Structures are given as structure tokens and as C-alpha cells.
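Dropping a structure here in C-alpha cells format, bear with me for questions.
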């Protein structure tokens, strides 16, 4: 400690104010009675209040808890009350005196009202952060606000009916939200599991059909191809990608395109509708890009697009020929499970919504895009033709013209 700091402390210790504080503290430390006696021991006032609530079947009021913690234990029920100190008995009697003089008999003495009277009218508020009979300042604040926490005297006393109803409603809403979130998470996991099973079954089915028709078919023995044999055994490795360039289109999955400036997840493909019509447009959104690698040499790879298709029927798609546009209802999905297409068969489209039409919020307009690096030109080229009639001005030399005239004249004069 620096010398000048110690000198300043010495001057403060010699003041009458510090000496009075020191003597008071010395007397308090030497007292056997202490500042405030009670019979609660290591238990807090809040703990004792909760125990009484279980015994009584209701929330105890302040004087009941105070008497429980400031009256010595009786050997016999008929013995008179023995208070731990005179102050405790005097405070208890002052409370009942105030209630008798100031409250009407029709007024019910609730836990909140008893705490308020005790704190404001009987003990005169808090002193050095504590309220006599209630505990520390934080305990009093919890009692008044109805908050629960460690060290709280009686949390339930400060909660009125409206607060309890509001808290119950909030708990009900949170519980319902948690249950709904859990249900959605389980449903998503089940959906992913089902998709995985269907995907595996599809690949397995293709492999089995190819094996039956190519590998084990004796009729094909003469024209047997090792390439088909390798394909028929199914893929050995499957890679997933988020982007892929094919047919000069740059495709990206819906998850990857989310929050991007450009969206490259729109897909269209030509197909049939099961009624011998093979020129039907299917529109969808790219979900996953799979690269299948097959055994054998050379290594054979094929890329599949797993798509979420929209309903291709008239209920999910319509063509407005007068405006040359196609609309799809993105809320209707293709009923059949046929998500995979070969990447080389895919073309890219964009979907545009109607921002100013609420009645068309479930419709998207299909915008067909052009491949990258390609310039479309018409088949017929413009051919340059010359005009059929050309007007050219004849240039005549004046001297030659005069000479010719003289020759003609000379010929006429010569006989």
C-alpha cells in the first residue's frame, strides 16, 4: 500500500463516524442474540412456505409463515406460544391490529395483500436490502412480481388469477408448438426414409430387369455385350452433387439455389401421359443430383436428376395459347412416384409468380430458357439481289463527238 493512501485511511479511522460504526459492529459480533432470530435453520422462508402449502392445501399468508418461523417448537399442543424474541411477537400482533382496524370484514386477506401490508404498513419496508420476516430484497421483489426462483419466499402467492391463466395459456401454446415441431421432424425423417427405400428399390428393379434380360437370357448369348453386363449389376458408388452442367444448361438443386440471386432448379422433360401421347411436357423442381458409377472397364457413369414434378394434367397445368405462356399450379404434385430422369434429357426452365394477383398465388408461369453459349438463327438466310433495271448515265467525250460530225459532213460533200 502506498504511504499516502495509508495516511488517508488513518485519518478516516480516527473520525467519530467510523468509530461509531466500528463500535456498533463490535457489539453486534459479540451479541448472542444476533440481528434477527428465527427457527427456520438452514431452510429459506420460501422453502418453509412451500412445505406449509402442501400441508394446508392452500397458499399460506404472511403471518402464518412468520409464526411458523418465529415460534419455538412446542412439546405439547396446549403449551403457550414462545416467541424467539419480543420483536417477533410485537410485529405479529401489529399486523393483526392493522388488519382489524383498517380492513373491512368483507375483504378477503389474500397472500398478495398480506405481503403488501406486512412490508409497507407493519415493518416499514426494506432495510439494507432485507425485509423483516420476508427475507432479502430479491425475495421481496419475487413475491411482488410473482416470479419463481431460488430463494423466493412464496412465489405462488404473488400470482393472481389472470397471471396464472396467461401463464397456463402460454405453456399450452409452447407445448403445442413443441409437439408440432417434433411431429414435423419425425414426418420429414420418415419421408426421407421412404424416399431412400423407393430410390433403392427403383435402382434394384432396373438392375434385376437388365440382369434377367441380358445376362441370364440365353437368346442374347450371341449378341452379348460386356457393357450391358456391367450395367446390369447395379452401381457400386453413388455421388451426390449440388450443381451440374448438361446440354449447355447449368442446373442446381432447390436447396442450393435457395437465397441465391439466380435460381437454376427448374426442370422440364418430354414424356408420355400413358395414352399414346409421347409429347407431354413435365415441369418440376430439381431436388437431388446423383452420379452412378458402375463396375468394369472402362468406368461407366450416368447422372440422374431426382425431381419434384408438378401435376401434368389439366388440373395442374394449362397453356394459354393466345398469350403463348404455360401456367403450372405449384401446389399440385404429380401423383405417381417417378422422380428420376437422365440428365441428358433435361431442359431448364424458370418459374415466375404473379406478384399483383392474389387469386393466382398458387400459379407459376413457365419461362423456357436458352442454353448457354448458343445463338439461335433462322434456317433461311437473307440473299442479296441486284436490281433488274440499272440506269447508268453515258459519258460522251465532246472532242470525239465533234470529230465524228466533221467526218459525216465531209462524206456528204465528197462526190
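Out of (1) within 19 Å of residue 49 (Cβ to Cβ); (2) surrounded by fewer than 10 Cβ atoms within 10 Å (Cβ to Cβ), the odd one out for residue 115 is which?
(2)
Taking the range 299-315 only, how many residues are more than 29 Å from the chain's Cα centre (by Cα), within 22 Å of residue 251 (Cβ to Cβ) and in contact (Cβ under 8 Å) with a residue 12 or more places away in the chain?
Total satisfying the criteria: 5.
In addition: Can you work out which of the residues in the range 337-372 that are in contact (Cβ under 8 Å) with a residue 40 or more places away in the chain and within 26 Å of the chain's Cα centre (by Cα) is surrounded by the fewest Cβ atoms within 10 Å (Cβ to Cβ)?
Per the criteria, the residue is 350.
Okay, next question. Just a yes or no: is a residue in the range 70-81 touching a residue at least 40 places away in the same chain (Cβ under 8 Å), in a helix (DSSP H, G or I) and surrounded by 14 or more Cβ atoms within 10 Å (Cβ to Cβ)?
yes
Right, something else. Scan the range 88-115 residue by residue and report those that are in contact (Cβ under 8 Å) with a residue 24 or more places away in the chain and in a helix (DSSP H, G or I).
Across the range 88-115, the qualifying residues are 88, 91, 92, 94, 95, 96, 98, 111, 112, 114, 115.
Quick check: anything in the range 335-356 more than 19 Å from residue 262 (Cβ to Cβ), touching a strand residue (DSSP E or B) at 6+ places or on another chain (Cβ under 7 Å), modelled with pLDDT under 90 and in a loop (DSSP other than H, G, I, E, B)?
Checking the range 335-356: at least one residue is more than 19 Å from residue 262 (Cβ to Cβ), touching a strand residue (DSSP E or B) at 6+ places or on another chain (Cβ under 7 Å), modelled with pLDDT under 90 and in a loop (DSSP other than H, G, I, E, B).
The values are calculated or read from the model by the stated rules, or taken from the named source; none is laboratory data. Just so it is clear, the model here is predicted, and its values are computed rather than measured. Positions of Cβ are backbone-derived with ideal geometry, glycine not excepted, and every protein chain shown enters the neighbour counts.
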